[in-house]
Amino acid sequence: MFEWVNKLKRAKPGPIGIDLGADTIRMSQVRIDGADIALIAAVREDVPSHLRRDVAGRISWFADVYRELLANGGFVGRQVNIAFSAPAMQVLHVRLPKMEESALRQAAIWDARGKLSMDLGRAAVRHVVAGEIFQQGEAHLETILMATPRELVDQWLAVARKARLDVQGMTPDPLAIADCFSRVLRRKADAESTTAFIDIGALSSRVVVTYQRQLLFSRIIAVGSDTLTAAVAAAFNVPVEQARLMRVKRADEISARLQESENASPAGARQNADVATPPKSADGGEGGFALLSAALDAHRKSNASVVAALNDVDAATLQGTNQLCRELELCRQYHEATFPARAIDRMVLVGGEARNRPLCRQLAEHLGLPVQVGDPMARLIRGDGANDLVDELLDRKQPQPGWATTLGLSMGPMNAVVATKAA
């Protein structure tokens, strides 16, 4: 009898994860039963372009479309977990003397005053202790502070009340990403690796470093896909939408040549069920840029004018790409100076720009680390009654890096059913 009741509890659907990004809203819901994670509902919708930089406007837009999204996705229940990310959120590392947990949050807020561009007295604040470090011979706590303006929290809660949604949590996206992959990457090698997850979004990029489910580092970098697209638009004097298509065409051209090379070489085969891995060498050997150059030679000769324009696209985005690489290197240096025993072993790209394989390779070459495209769907199975989008997402031919945050919201932490309820 008790065994049957416990099984029912385990099989209860998680909350609906809501990831309202600058250009896309993604919602998903999973059911966890022991080691099985079933995707039971999913939906996505483009955000109106005029709201890309208007967080409050996007929340109001959600209030107008949530009924249709819930119906189209086939979601169960009304419990939701909402993601907070940049520019709605800011992140800061502070180092504090060891103290009781009850005093730590207030001490972190006090130490952070004046270091963030928001009034922490009017913000919702979450803190995570990354670990114990020694500074000048004394033990300190490396603490990650994540703050969101209270007015946005209140706006979300007002929308939820009107929609009769039960807000189970409001979770910073670094924690959602960590929650997702702590469940998906379950091999022994994963448990022993220190991983930097890089979420290259439209307006900014997030860095999340984890080891054995523990968040060690997080930072927001003010370089996103829009930065690269704007550079192309300026260089070619074309509208932003046309510049975005030019970048997509360039990435597709290189990816197609890479795929041809990988199909002819076992070195490029997918190496495990957890991630889709671009050719792993970043030193110019087989699988690296030498292979890429050789594969493109014939195409360049037969399509010289087209390739010249595409090379100009590379040149236009070079400054933004180099800036991103420099910022990532600074993140790596800070993390490894703080936790020298936890040097980063690999980078896993998530978010919409993760499918830009040329960019993956540039990051690998610059940082000298294996760079993989994260697939949060890798271990998921199809839930009963799931919609057509679920079948598309679970197609193993393509990773789905853009879904990491919303899946992490529905999965929740490994040691809890759902995130802490919003205050």
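The values are calculated or read from the model by the stated rules, or taken from the named source; none is laboratory data. If you're wondering where the values come from, they're calculated on a predicted model, not measured in any experiment. Every residue, glycine among them, receives a Cβ derived from its backbone with ideal geometry; neighbour counts consider all protein chains shown. Just the protein is used for accessible areas: all its heavy atoms, side chains included, with ligands, DNA and RNA removed. Shrake-Rupley method; radii C 1.70, N 1.55, O 1.52, S 1.80 Å.
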Which listed residue is closer than 26 Å to V209 by Cα, buried (at least 17 other Cβ atoms within 10 Å of the Cβ) and at pLDDT below 80, from A295, A282: A282
Segment 1-42 - residue that is part of a loop (DSSP other than H, G, I, E, B) and more than 30 Å from S225 (Cβ to Cβ) and, of those, modelled with the lowest pLDDT: M1
Matching residues in segment 337-367 - criterion: being modelled with pLDDT of 85 or more and not in a helix (DSSP H, G or I): F339, A343, I344, D345, R346, M347, V348, L349, V350, G351
Residue list for segment 71-88, restricted to those being at pLDDT 95 or above and crowded, with 20+ Cβ neighbours inside 10 Å: F75, V80, N81, I82, A83
R357 vs. criteria under 16 Å from I200 (Cα atoms), in contact with a Pro (Cβ under 6 Å, 6 or more places away or on another chain) and not small (G, A, S): yes
Some residue of segment 227-249 being without any contact (Cβ under 8 Å) to a residue 12 or more places away in the chain and under 24 Å from T406 (Cβ atoms): yes
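The rows are residues; the columns are (1) in contact with a Leu (Cβ under 9 Å, 6 or more places away or on another chain); (2) more than 30 Å from H140 (Cβ to Cβ).
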site	(1), (2)
I16	yes, yes
D19	yes, yes
I40	no, yes
V47	yes, yes
F75	yes, yes
P97	yes, no
Single condition M411 does not satisfy, out of (1) modelled with pLDDT under 90; (2) more than 20 Å from G320 (Cα to Cα); (3) open to solvent by less than 10 Å² (accessible area, probe 1.4 Å): (1)
Of all residues making up segment 190-209, the number that are without any contact (Cβ under 8 Å) to a residue 40 or more places away in the chain, open to solvent by 20 Å² or more (accessible area, probe 1.4 Å) and either over 20 Å from E336 (Cβ atoms) or not small (G, A, S) (or both): 1
Subset of segment 120-130 that is without any contact (Cβ under 8 Å) to a residue 24 or more places away in the chain and either more than 17 Å from Q155 (Cα to Cα) or out of contact with any helix residue (DSSP H, G or I) (no Cβ under 7 Å at 6 or more places or on another chain) (or both) - its residue that is surrounded by the fewest Cβ atoms within 10 Å (Cβ to Cβ): G121
Unmet criterion (only one of (1) out of contact with any Lys or Arg (no Cβ under 6 Å at 6 or more places or on another chain); (2) buried (at least 21 other Cβ atoms within 10 Å of the Cβ); (3) within 26 Å of S410 (Cα to Cα)) for A163: (2)
Qualifying residues in segment 368-395 (those that are assigned to a helix (DSSP H, G or I) and over 23 Å from S182 (Cβ atoms)) - the one most open to solvent (accessible area, probe 1.4 Å): D388
In segment 347-356, residue nearest to the chain's Cα centre (by Cα) [restricted to those that are under 16 Å from C325 (Cβ atoms) and open to solvent by 10 Å² or more (accessible area, probe 1.4 Å)]: E353
Filter result (surrounded by 14 or more Cβ atoms within 10 Å (Cβ to Cβ) and either free of Cβ contacts under 8 Å to residues at least 40 places away in the same chain or aliphatic (A, V, I, L, M) (or both)) within segment 90-117: V91, L92, V94, L96, L104, R105, A107, A108, I109, D111, A112, L116
Flag if A147 is open to solvent by less than 30 Å² (accessible area, probe 1.4 Å), among the aliphatic types (A, V, I, L, M) and either in a helix (DSSP H, G or I) or within 30 Å of E68 (Cβ to Cβ) (or both): no
Residue within segment 143-164 that is in contact with a Cys (Cβ under 9 Å, 6 or more places away or on another chain) and of a type in the set (A, V, I, L, M, F, W, C) present: no
Residue check, A71 aliphatic (A, V, I, L, M), more than 27 Å from F339 (Cα to Cα) and in a helix (DSSP H, G or I): yes
Exclusive hit being open to solvent by 20 Å² or more (accessible area, probe 1.4 Å) and either assigned to a loop (DSSP other than H, G, I, E, B) or at pLDDT 95 or above (or both), set Q323, Q333: Q333
